[in-house]
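Presented below is the structure to which this report refers.
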Amino acid sequence: MCGIFGYVGHRDALKILMDGLKRLEYRGYDSSGVVVQNGHGLVAAKRRGRLDALEAEVRSRPFGGHTGLGHTRWATHGGVSDANAHPHFSCDGKIAVVHNGIIENFAELRKDLERRHRFLSGTDTEVIPHLVEELYEQAEGDILFAVTLAVGRLRGSWAMGVLHADHPNRLSVARVNCPLVLGLGDGENFLASDIPSLLPYTRRVIPLDENELSTIGPEGIQIFDRHLTAKARAPLDIDWTAEAAGKNGHPHFMAQEIDAQPRTVAAEVEAWGRSVPDLRLARDVDRVMVIACGTAWHAGLVAKAALEEMVRIPVEVGLASELRYGDHPFGPRTLAFAISQSGETADTLASVRMARESGSPILALTNVKGCTLAREADHVLYMRAGPETGVAATKSYTSQLVNILFLALHLGRERGTLSPERFEALTREAGFLGTHIGRILRQDPLVRQCARTFQEGYGFMFMGRRYNLATAYEGALKMKEITYLPSEGYGAGEMKHGPLSLVDERMVCVAITPRGRVKEKMISNIQEVRSRGGRIVSVATEGDHAVAEVSDHVFEIPSCEEMFSPILAVIPLQLLAYHRAVGLGRDVDRPRNLAKSVTVE
Ligand code: G6P
């Protein structure tokens, strides 16, 4: 949460910073700010609200300068205000800091610093520039050394960029527990909170490791450990394109990302057909513990269903935010399977570290090359979803599901719990998933119409079973995060234990009812809702009249094995949430109070 962007080179820094911040705005949009060293000193602007507010402010002010930092904020400490927007400054105005993370001991540091320094904000971050200012002298004017000394006094998490007025072509950066990526250009270099924001400028990147610091100039980058010993790091070449990170003619990133799924899902299936990743890590374990948050946790529920069916191995699905404070018996015979689109979610990383300490092998499934999770895992499965910008996860979810199902299929075959014939049949069927999604997307006008029908005053609940319990949770999450309407997902069999009391004629119950082991049970559950006046929207297998007869609206998915149905059934639910949100005039890509990458606890 919070995005930072930095530039040192020969171009107009302000332009590049504003462009970078636009790509990082998904990480927080409470306020934003920039600072540039323009040859005479530091010039800055910061504004509460969306980036547009800052843009309007800087348009009328020539900044000049070729070195600078930018920030987009998701507020943690201190309210949403101009004063709390980053950058924050030292008393002499010479040191500017942008920060992503939380300084846990800021209160005690501030109490001491306040005796000598004037604080202008209520943020935890502001202790950093004042600390660096104090230590600058002790560091004999060596700004990186001063930053290192300051970092030694901090507790918590940070990705920070520091700019000193007297060091015009230099940015100092440090990271602990928050992502920070250096981008390598030609006579110019960059820093950013993620890789996609760098893509218009470079595809050669170095993600900083824990506890590393760096000094960035136009001609080069140096990386150091906490004791300022230089470290050699080879850059990664990223194969994502800037186009894949754009809207490509769609009104929102989310629409573009929903639409990309025929291709991204097909790419995942093809990749498993081309070469099977090394699955040794998972071959001999007795149980699996999934570690994930949000949408990735829903993917974990599908992992549980698939691994238990195909591999006959017990699987638990841990919410990382709970797991990290629990007493889960990890150990060498328990595979820790961490699922995270970004690979930077703080709770997921903390749980992974806990699992590692107990000796569990760590398998990661992530979308981002070089992310922290990938660097800390024993083995990584990379998704091929490409950059995902919309805060509501869509294509990364279906990519996660394909990888999970293939993992289950291959492990089942290797461990002898799945016959070669069934394996062949299932992998063959997976080859059609991309085309199937294309067909589902053609129902977009129907879904839009349905979203309009339930425009005013309706609540939503989603129900499913077995493989599609996850789909119910995910459908409800999409709906609530971008429409702000209360919506919940339930196991359909649980309806009688409470949720049925919510049902009346203003309640839309979305029933995920594809053909499979639990379809008949689902129809009974639909009847229970109908007889209490609830409206039914079903996701059903094409031509399934039995479901159509008990539904007000039906979205169809092509006939498929039940294990593949969550990949298809979620598509109309993504569209439903999207159209409902657009109808309400919501900011679909940047829902209030949320951020895509939750890098703080
Ligand atoms: C945030 C995002 C969700 C995402 C979750 C986990 O809440 O808004 O879309 O599912 O974080 O993120 P991860 O990157 O670990 O998959």
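The values are calculated or read from the model by the stated rules, or taken from the named source; none is laboratory data. These numbers come from a predicted model, not from an experiment. So basically every Cβ, Gly included, is an ideal-geometry build from the backbone, and we count neighbours across all protein chains shown. The accessibility values were calculated without ligands, DNA or RNA, using every heavy atom of the protein model including side chains. Shrake-Rupley method; radii C 1.70, N 1.55, O 1.52, S 1.80 Å.
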Quiz item: Taking the Cα centre of each part, how many Å lie between segment 474-549 and segment 1-21?
Solution: 47
Practice problem: Please calculate how many Å² of accessible area the chain carries per residue, with a 1.4 Å probe and no DNA, RNA or ligand atoms counted. | Solution: 37
Exercise. Mind running the shape call on segment 279-433? Use the C-alpha gyration tensor, a ≥ b ≥ c as the square roots of the eigenvalues: rounded below 1.5 for a/c, prolate if a/b tops b/c, oblate otherwise.
Key: oblate
Self-check item: Segment R283-L228, length gained on full extension (0.36 nm per residue, minus Cα span)
Solution: 15.7 nm
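Could you list the trypsin sites (Lys or Arg not before Pro) in segment 90-194 that lie in coil according to DSSP, counting only those with at most 11 other Cβ atoms within 10 Å of their Cβ?
R115, R116, R118
With a cap of 16 neighbouring Cβ atoms within 10 Å, and only residues DSSP puts in a loop, list the chymotrypsin sites (Phe, Trp or Tyr not before Pro) found in segment 60-137. Before the final figure, lay out each step's value.
Details: sites: F63, W74, F89, F106, F119, Y136; in loops: F63, W74, F119.
Loop-located and lightly packed - F119.
With each run of n ≥ 4 DSSP H residues scored as -39500 (n - 2.57), what mean residue ellipticity at 222 nm is computed for the chain after dividing by its residue count and rounding to the nearest 500 deg cm²/dmol? Mind dumping the intermediate values first?
Working: 20 runs with 214 residues, N = 601.
So the calculated ellipticity at 222 nm is -10500 deg cm²/dmol.
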Quiz prompt | Spin-label zone in segment 7-50 - amide nitrogen under 20 Å from a point set 7 Å from the Cα of N593 along the C-beta vector | solution = 26-31, 49-50
Quiz item: List the GluC sites (Glu not before Pro) in segment 493-554 that DSSP assigns to loop (not H, G, I, E or B) and whose Cβ has at most 15 other Cβ atoms within 10 Å. Which are they?
Solution: E505, E542
Practice problem: Express as a percent, rounded to the nearest 5, the fraction of DSSP beta bridges in the chain (both residues included) that run antiparallel. | Solution: 60
Exercise. State the answer as a single residue: which of S487, A540, V508 lies farthest towards the positive end of the charge dipole of segment 440-591, with beta carbon charges of +1 for Lys and Arg and -1 for Asp and Glu, about the Cα centre.
Key: S487
Exercise. Please say if segment 3-238 is rounded, prolate or oblate, where rounded means a/c under 1.5 for a ≥ b ≥ c the square roots of the C-alpha gyration tensor eigenvalues, and otherwise the choice is prolate for a/b larger than b/c and oblate otherwise?
Key: rounded
Practice problem: Would you mind working out the magnitude of the charge dipole of the chain relative to its Cα centre, with +1 at each Lys and Arg C-beta and -1 at each Asp and Glu C-beta, to the nearest 20 Debye? | Solution: 700
Quiz item: Roughly how many whole Å is it from the C-alpha centroid of segment 137-186 to that of segment 570-601?
Solution: 34
Quiz item: Each label point is 7 Å from the Cα along the Cα-to-Cβ direction; what then is the distance between the points at E108 and E429, in nm?
Solution: 5.9
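Would you mind putting 139-146, 303-310 in packing order, based on average other-beta-carbon counts within 10 Å, highest first?
Numbers: 139-146: 17.4, 303-310: 21.8.
Result, highest mean Cβ count within 10 Å first: 303-310, 139-146.
From the cross-link list K15/K231; K395/K478; K395/K521; K480/K519; K395/K496; K22/K46, which pairs have alpha carbons spaced over 22 Å apart? Mind dumping the intermediate values first?
On the way: K15/K231 31 Å; K395/K478 12 Å; K395/K521 30 Å; K480/K519 26 Å; K395/K496 33 Å; K22/K46 15 Å.
Flagged as over cut-off: K15/K231; K395/K521; K480/K519; K395/K496.
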Self-check item: segment 428-493 - percent of accessible surface contributed by carbon and sulfur, probe 1.4 Å
Solution: 55
Quiz item: Under the classification rounded if a/c is under 1.5, otherwise prolate if a/b is larger than b/c and oblate if not, where does segment 358-431 fall, given a ≥ b ≥ c as square roots of the Cα gyration tensor eigenvalues?
Solution: oblate
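What fraction of the Cα pairs in the chain, stated in percent, has a spacing above 48 angstrom?
Details: 28004 of 180300 pairs.
Tail fraction, whole percent: 16.
In debye, nearest 20, what is the charge dipole magnitude of segment 503-555 about its Cα centre with +1 on Lys and Arg Cβ and -1 on Asp and Glu Cβ, if you could check? If you can, show how the numbers build up before the last one.
Values: 8 positive and 8 negative charges, 38 e Å.
That gives a dipole near 180 debye.
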Quiz item: Which value, in debye to the nearest 20, describes the size of the charge dipole of segment 253-398 about its Cα centre when Lys and Arg Cβ atoms bear +1, Asp and Glu Cβ atoms bear -1, and nothing else is charged?
Solution: 280
